[in-house]
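Novice: Structure incoming, see below.
Laboratory data are not the source of any read-out in this text; all were calculated from the coordinates shown. Treat the numbers as computed from the prediction; the structure is a model and nothing was measured. No Cβ is skipped: glycine too gets one built from the backbone with ideal geometry, and neighbour counts run over all protein chains shown.
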Amino acid sequence: MRSLASRLGHPDDARLVAKVIYEDSLVFVVSPQHRFAERESVSISELGMETFIAHNVVSPYREVVLREFQRHKVPLNMDVEMPTVETIRKLVQSNQGVAFMPRMCVNPELEQGTLRAVKVDELHVERKIRLVYPARRALSHAAKAFLEVIA
């Protein structure tokens, strides 16, 4: 079985071209009414009593969060799982729990102040969004035009 890096089109797979088109990070978000809302950062050990609202889709980023909580021996209370990012965002905004979310999914709410981002000292997860396409296959005119736009 090939590694996740290979499947995601990293340079070790010569059959694919992978272009980074966006860099993002996971951010710990709380409502403006939450006790951490005015804090710049928290320790992961402070998060053991929080109710996390999670996406019900397994992802490598979710696995990183789970691993870090286990490594620091902090309980991760993810009793609430939702099918959409929108639902998670609304529940966090209404102070029903906290969440780790891609920054790109909450930027407008962070700018408007309806959500607050708080740094977790022990957890920094960067995400690179890649466009992956076959290296040796001719691209359509539309695909070539798209590559020119995002390059």
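Novice: Give me the net charge of Ala135's neighbourhood, meaning all other residues with Cβ under 11 Å from the Cβ of Ala135; Lys, Arg count +1, Asp, Glu -1. Please list the in-between numbers first.
Specialist: Working: positive: Arg15, Arg136, Arg137; negative: Asp13.
Around Ala135, the charge tally is +2.
Novice: Taking the chain as a Gaussian network, where each spring joins two C-alpha atoms under 10 Å apart, which residue of Ala99, Ala37, Ala18 fluctuates the most?
Specialist: Among Ala99, Ala37, Ala18, the largest GNM mean-square fluctuation belongs to Ala18.
Novice: 7 Å from Cα along Cα→Cβ at both Met104 and Glu81: what's the point-to-point distance in nm?
Specialist: 2.4
Novice: Work through the residues other than Phe36 whose Cβ is under 14 Å from its Cβ and net out their charges, Lys, Arg +1 and Asp, Glu -1.
Specialist: Result for the neighbourhood of Phe36: -1.
Novice: Once you charge only the Cβ atoms, +1 for Lys and Arg and -1 for Asp and Glu, what is the size of the charge dipole of the chain about its Cα centre, to the nearest 20 debye? Intermediate results must be reported in sequence, preceding the final value.
Specialist: Numbers: 21 positive and 19 negative charges, 149 e Å.
Approximately 720 debye in magnitude.
Novice: On to the next question. Helix 103-112: angle to the longest alpha-carbon principal axis of the chain, degrees 0 to 90, nearest 10?
Specialist: Computed tilt is about 50 degrees.
Novice: Report ³J(HN,Hα) in whole Hz for each residue of segment 14-28, in order, from the Karplus equation J = 6.51 cos²θ - 1.76 cosθ + 1.60 where θ = phi - 60°; Gly and Pro get x.
Specialist: So the J values, rounded to whole Hz, are 5, 6, 10, 10, 10, 10, 6, 10, 6, 10, 9, 8, 7, 10, 7.
Novice: Say each of Lys90 and Tyr22 gets a label point 7 Å from the Cα, pointing the same way as Cα to Cβ; how far apart are those two points in nm?
Specialist: About 2.2 nm, to one decimal.
Novice: Sticking with this structure for a sec: Under a plain spin-label model, where a point goes 7 Å from the Cα along Cα-to-Cβ, how far apart in nm are Ala37 and Arg67?
Specialist: That separation, rounded to one decimal, is 3.4 nm.
Novice: Below 12 angstrom from the Cβ of Asn107, what's the summed charge of the other residues (Lys, Arg +1; Asp, Glu -1)? Kindly include the intermediate steps, with their values, before the conclusion.
Specialist: Values: positive: Arg89, Arg103; negative: Asp24, Glu109, Glu111.
Charge balance in the 12 Å sphere: -1.
Novice: Give me the Debye-computed log₁₀ of I(q)/I(0) at q = 0.12, 0.16, 0.18, 0.20 Å⁻¹ for segment 4-150, equal point scatterers on Cα only, no solvent, two decimals.
Specialist: Ignoring solvent entirely, the Cα scatterers give -0.59, -0.89, -1.03, -1.19.
Novice: Under 29 Å between alpha carbons, and skipping anything fewer than 8 positions from Lys19 in its own chain: which lysines qualify?
Specialist: Leaving aside lysines fewer than 8 places away in the same chain, those within reach of Lys19 are Lys119, Lys128, Lys144.
Novice: Antiparallel DSSP bridges in the chain: what percent, to the nearest 5?
Specialist: Values: 16 of 23 bridges.
So the antiparallel bridges amount to about 70 percent of the total.
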